[in-house]
1. Restricting to segment 21-46, what's the tally of residues that are among the small types (Gly, Ala, Ser), at pLDDT 95 or above and surrounded by fewer than 17 Cβ atoms within 10 Å (Cβ to Cβ)?
2. Return only the number of the condition from (1) of a type outside the set (Asp, Glu); (2) touching a residue at least 12 places away in the same chain (Cβ under 8 Å); (3) farther than 20 Å from GLU119 by Cβ that GLY56 does not satisfy.
3. Out of the residues in segment 97-113 that are of a type in the set (Gly, Ala, Ser) and either surrounded by fewer than 10 Cβ atoms within 10 Å (Cβ to Cβ) or touching a helix residue (DSSP H, G or I) at 6+ places or on another chain (Cβ under 8 Å) (or both), state the one that is nearest to ALA40 (Cα to Cα).
4. Of all residues in segment 47-59, which are over 19 Å from GLN100 (Cβ atoms) and either modelled with pLDDT of 95 or more or in a helix (DSSP H, G or I) (or both)?
5. Six or more apart or on different chains, Cβ under 8 Å: which pairs go from a residue in segment 73-91 that's free of Cβ contacts under 8 Å to residues at least 24 places away in the same chain to one that's open to solvent by less than 50 Å² (accessible area, probe 1.4 Å)? Could you list them?
6. Quick one: count up the residues across segment 60-92 that are open to solvent by 50 Å² or more (accessible area, probe 1.4 Å), under 20 Å from PRO117 (Cα atoms) and either not in a loop (DSSP other than H, G, I, E, B) or not charged (D, E, K, R) (or both).
Amino acid sequence: MSDTTPTPESAAPGPDSPDFDTLTRDIADVPAVEVITTVAVHLMSAAAVNLGLAEGGEGHKDLDEARKLIHSLAGLLDASATEVSSFHAAPLRDGLKSLQLAFREASVVTDEPGQGPGEKYTGPVFG
């Protein structure tokens, strides 16, 4: 490893890498609903991994982390409900419910109905 800090010239974008203005324009062209759904899918994926649902996932199981991710996902979906069409929201809500049920199944100590991750926003979740 080198202890040298890159000089401004070496940190400057090369001919194949976009500059900040290009990246800013690119993100500005992305519709908000696409950004929201992308973030939701990332939260869902991370929660699934922390629930041990990924291939070889038992080694990554962390219910405390999964709880935080599911709760954040529920808050995002609740906050964006009026901004995202049902076409986009319905599968995300289904995925959220599946994660909530998987959490309930994986948890040794069962939360009271309405007290599970994200249930503050969705209400009690039953199988």
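The values are calculated or read from the model by the stated rules, or taken from the named source; none is laboratory data. Predicted model, so just to flag it, every value in this text is computed and none were measured. No Cβ is skipped: glycine too gets one built from the backbone with ideal geometry, and neighbour counts run over all protein chains shown. Ligands, DNA and RNA are stripped out before the accessible areas are found, and what is left, the full protein with its side chains, is counted by its heavy atoms. Shrake-Rupley method; radii C 1.70, N 1.55, O 1.52, S 1.80 Å.
1. Qualifying residue count, segment 21-46: 1.
2. Result: GLY56 passes all but (2).
3. First pass over segment 97-113, keeping only residues of a type in the set (Gly, Ala, Ser): 98, 102, 106-107.
Applying the additional criterion that residues be either surrounded by fewer than 10 Cβ atoms within 10 Å (Cβ to Cβ) or touching a helix residue (DSSP H, G or I) at 6+ places or on another chain (Cβ under 8 Å) (or both) yields 102, 106-107.
Values: ALA102: 17, ALA106: 22, SER107: 23 Å.
That would be ALA102.
4. Across segment 47-59, the qualifying residues are GLU58, GLY59.
5. From residues that are free of Cβ contacts under 8 Å to residues at least 24 places away in the same chain, the pairs are ALA81/ALA89; ALA89/LEU77; ALA89/SER80.
6. Final tally of qualifying residues: 11.
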